[in-house]
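Below is one structure; the comments refer to it alone.
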Amino acid sequence: MVCYLGIDLGTTNTAAAVFDGDAVTPVRTREGGLLTPSVVRIDARGRVTVGARARKLVDRDPDNTLGGFKRLMGTARGLVFPGACVERRPEELAAEILRSIRDDVREQVGFLPEQAVISVPALFELPQSAATHAAAQLAGFAHVELIQEPVASALAAGWSADEDGAGAWLVYDLGGGTFDVSLLETREGVLRVIGHDGDNFLGGRDLDEAIVRWALAELAADGLPLDRADPALAMPLRVLRTAAEDAKIDLSRSAQAALTLPALFDGPQGAIDVDLTLDRTTLEQLAAPLVDKTLAVCRRLLAAHGLGPEQVRKVVLVGGPTAMPFLRDRVQAGLGAPFAEGVDPMALVATGAAIHAATVGLDARPAAAAPEAGEARRLWLEYPTMSPDPTPFVVGRLLDGPGPAPVEVRFVRDDGGFATPWTRLGPDGTLLVTLELREKQPNAFTLEGRDAGGAAVPLLPPSLTLVCGRTLAEPPLSRTVGVALANDAVHVYLQRGTPLPAKRSYVHRSVAAVAKGSSDAVIRIPIVQGEHPQAHLCRLVGHLEISGEELRADLPADSDVEVTVEIDRGGRLSARALVPCLSQVFEQVAHLSIPEADPAALAVHADALGERLSVVRSRPGLQPTHVDRLLDVEWSLQDAQAALLAARGGDDDAGQRAHRLLIEADAALGEVEDATRWPELDQRVRNALLNASGWVGQLGTPQEQRMLSESGAALEHARQQRDGEALERHLRAVNQLTAAAYFRHPDSWRHQFEHLAADVGRSRDPLQAQRLVAQGREAVATGDRDRLRDAVLGLEALLPARVAQPIPSFRSDLR
Ligand code: ADP
Ligand code: MG
């Protein structure tokens, strides 16, 4: 029996499901539940407990019982278990959860699964996906593929809702800590994700936090103020938060929930009890801003696709908080579309992942005991693992090898309902058969072979599996991926929306020379992800390094470096750099991690943004849209400052959140800056024209003078049209004309040379620069203008200013 395993590795809870070809069954935990809380405890003796049993201990031993590590996946951060004095990386903790899932699956189906599909949030970035792969490997999986959670939900909802037709679907997934909304449509039987949006820092946890704040306010109103910044309160606050979560979940079914925690806090006057009653009205007041935020994201997504809520045919609710009646009502009122019926919001993602495992033929069973080599003949086969067509072709060819060769083969469907006739192999061992599939499920076939005498001949592979059903379009890349260049520009490799898998190569040039064997000289190639043309506004997701230590020979500046970036279906990044002149390839992507959110560095960034904000604010001629945008920036900055405060208290999530907010604020501010930079541009135009009319008027040819007046007119036109790009282009043309005229002046090359010679220290290749200076001095002495010009041009090419303006964050050595 085939077995496909899907795992929804959640921030809060992990769920798994198996698909046997007929039905999807949730995997039960050893406690009998359907969810494994994503919580790991390591006690003083180093014993590891996970899931429900660990979560029960959060209250008793919060320091050694940690959850929420999914949010730190892909960072270099270790989580410390003080009891056992050990530190674990986020992926190691995720691996504990996955290991426990593997054990549960074995209980249920009788073998330890080897392969699975694991879901990750749509907004996961590459390092986070890589960490998920690492976790699966640590947990002992031989192979896993990743699927974006909304894609999995869509697949599960589309699979069970047996319909085709017009209209978009919206998958609304609110989890413990992330919100994802995706827009999907079915067209000609193919389910497609046409867009998604979300917030990596929005979820049920925020509601727990709001309840904690409410409880503290209630206590303060009773004359018991508590200072949250007091480190002694950290532990009781966690206990309170867990109780708040339980109360919240109770309220999905009952009208009231008690929050009773005797002697939770130590006050100056003795123990303080918490004894509060949370009712639905209060919860709804606390939840309303959260739900409204999610609705705003939904509207933003719809607007981005030119749709209104009325064009949404169906809404699929996913995630724990969507069990709240209040949330359902408010989302219903806000979006106005009917909910998909009959889907369990907690099981949907795992179900979809299991179905996806079937579509990519990722059977969880340990590799079937292969027939002894020599006994079986190998067949090369080509067929669609997922076929919308119930009668697909299989083509194949018998490969050379020892052992008896079959004359005829046939394919027998495992349910016994179909078998191909015995089919004779062609003269060169070729084969073509048509299979018949049962709809919407995996179909396993056994391959049989026999020789001329009718004796059975074992074949490799012994079986194959095809799924008949709707296919998912290739998953799109969620964010643009590129390489940061020395001038902080991003060279885009893969645009957002590119179907995965995808791979692209470009040739760059190295900025500086690297000597063979030098340990501190490297060529750094940062890989960034984001939509901004400036690299420092994108996210650094990894980098390649070409170190002098590994070079076969010296690498001069300006050498070709061919970089290849590849992303697999699950969003896993790999990259390599080829240096053709040395025939050397550098593969390892070092530091594939989200830089840790260092509060001090973030504070500097926030201050700088504050300054830029006040400068832009005072610019003349701001449009109302700019003012709105700047207001958003200000809000983000304030949120970031608040998060920074929490980060200083040791909250890593808050640090990451501040980092993200600042990057977004930076990008938004940059756009307004670009849009309002005209007065400064005007000034540059005036200066350039003034300079040009002097030199071109005096030393230009008549043709150059005519070109200058044409460029002047074009500049004026661009200025009126507010066309920044055209303006820059014509400015460049004007400056070139000026330079051409200037260099006709008898002393200009000498002036330029002296100027550059004084600056040799900044050159990218000082040795070469020294040689050029010597050559230039000789040329000045002998009056050789041509050689002098060569020296000047050579020196200019070696100046870093040629390729790099100030580099705000990621050092890149490519251009
Ligand atoms: P994740 O995808 O982050 O693992 P889940 O979908 O498992 O998250 O949702 C976890 C969140 O759902 C938690 O914040 C939990 O408190 C909340 N939750 C679970 N069940 C309910 C319920 N019945 N009512 C309200 N909230 C719930
Ligand atoms: Mg989830």
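Some points to look at:
- Selection status of Leu98, hydrophobic (A, V, I, L, M, F, W, C), closer than 20 Å to Gly650 by Cβ and at pLDDT 95 or above: no
- Tabulated pairs, the stretch 44-62, first basic (Lys, Arg), second open to solvent by less than 40 Å² (accessible area, probe 1.4 Å) and part of a loop (DSSP other than H, G, I, E, B), C-beta under 8 angstrom, 6+ apart or interchain: Arg45/Ala84
- Of the candidates Thr25, Thr36, the single residue that is within 12 Å of ligand 1 (Cβ to nearest atom) and in contact (Cβ under 8 Å) with a residue 60 or more places away in the chain is Thr36.
- Just one of the listed residues (Val561, Val565) is closer than 12 Å to Ser510 by Cα and crowded, with 18+ Cβ neighbours inside 10 Å, namely Val561.
- Restricting Ala296, Ala304 to residues that are more than 16 Å from ligand 1 (Cβ to nearest atom), open to solvent by 20 Å² or more (accessible area, probe 1.4 Å), farther than 24 Å from Ser119 by Cβ and small (Gly, Ala, Ser) narrows the list to Ala296.
Listed here are the residues, each with its yes/no results for (1) free of Cβ contacts under 8 Å to residues at least 24 places away in the same chain; (2) part of a loop (DSSP other than H, G, I, E, B); (3) more than 16 Å from ligand 2 (Cβ to nearest atom); (4) closer than 30 Å to Gly33 by Cα.
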position: Arg300; (1), (2), (3), (4): no, no, yes, no
position: Leu307; (1), (2), (3), (4): no, yes, yes, no
position: Glu310; (1), (2), (3), (4): no, no, yes, no
position: Pro321; (1), (2), (3), (4): no, no, no, yes
position: Ala333; (1), (2), (3), (4): yes, no, yes, no
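- Top-ranked residue in the stretch 335-351 [being within 16 Å of ligand 2 (Cβ to nearest atom) and assigned to a loop (DSSP other than H, G, I, E, B); ranked as nearest to Val24 (Cα to Cα)]: Ala347
- The stretch 220-260, residues that are within 16 Å of Glu284 (Cα to Cα), touching a residue at least 24 places away in the same chain (Cβ under 8 Å) and of a type in the set (Gly, Ala, Ser): Ala244, Ala247, Ser252, Ala255
- Qualifying residue in the stretch 4-24 (condition: more than 27 Å from the chain's Cα centre (by Cα), closer than 20 Å to Phe111 by Cα and within 16 Å of ligand 2 (Cβ to nearest atom)): no
- Subset of the stretch 183-200 that is among the hydrophobic types (A, V, I, L, M, F, W, C) and modelled with pLDDT of 80 or more - its residue that is surrounded by the most Cβ atoms within 10 Å (Cβ to Cβ): Leu184
- Ala333 more than 16 Å from ligand 1 (Cβ to nearest atom), surrounded by fewer than 17 Cβ atoms within 10 Å (Cβ to Cβ) and more than 29 Å from the chain's Cα centre (by Cα): yes
- Residue within the stretch 210-219 that is touching a residue at least 60 places away in the same chain (Cβ under 8 Å), surrounded by 13 or more Cβ atoms within 10 Å (Cβ to Cβ) and under 19 Å from Ala323 (Cβ atoms) present: yes
- No other residue among Asp206, Asp180 is within 16 Å of ligand 1 (Cβ to nearest atom), open to solvent by less than 20 Å² (accessible area, probe 1.4 Å) and modelled with pLDDT of 85 or more apart from Asp180.
- One residue from Glu716, Glu704 being on the phi < 0 side of the Ramachandran plot, at pLDDT 85 or above and open to solvent by less than 70 Å² (accessible area, probe 1.4 Å): Glu704
- Among the conditions (1) at pLDDT 85 or above; (2) within 21 Å of Asn443 (Cα to Cα), Leu348 misses just one, which is (2).
- Pairs where the first residue, in the stretch 611-634, is closer than 20 Å to Ile663 by Cα and the second is among the polar types (S, T, N, Q), C-beta under 7 Å, 6+ apart: Val616/Thr676; His626/Thr676
The values are calculated or read from the model by the stated rules, or taken from the named source; none is laboratory data. Everything numeric here is computed off the predicted structure, so don't read it as measured data. Don't worry about glycine lacking a Cβ; one is built from the backbone with ideal geometry, like all the others, and counts go over all protein chains shown. What goes into the accessible areas is simple: the full protein's heavy atoms, side chains included, and nothing from ligands, DNA or RNA. Shrake-Rupley method; radii C 1.70, N 1.55, O 1.52, S 1.80 Å.
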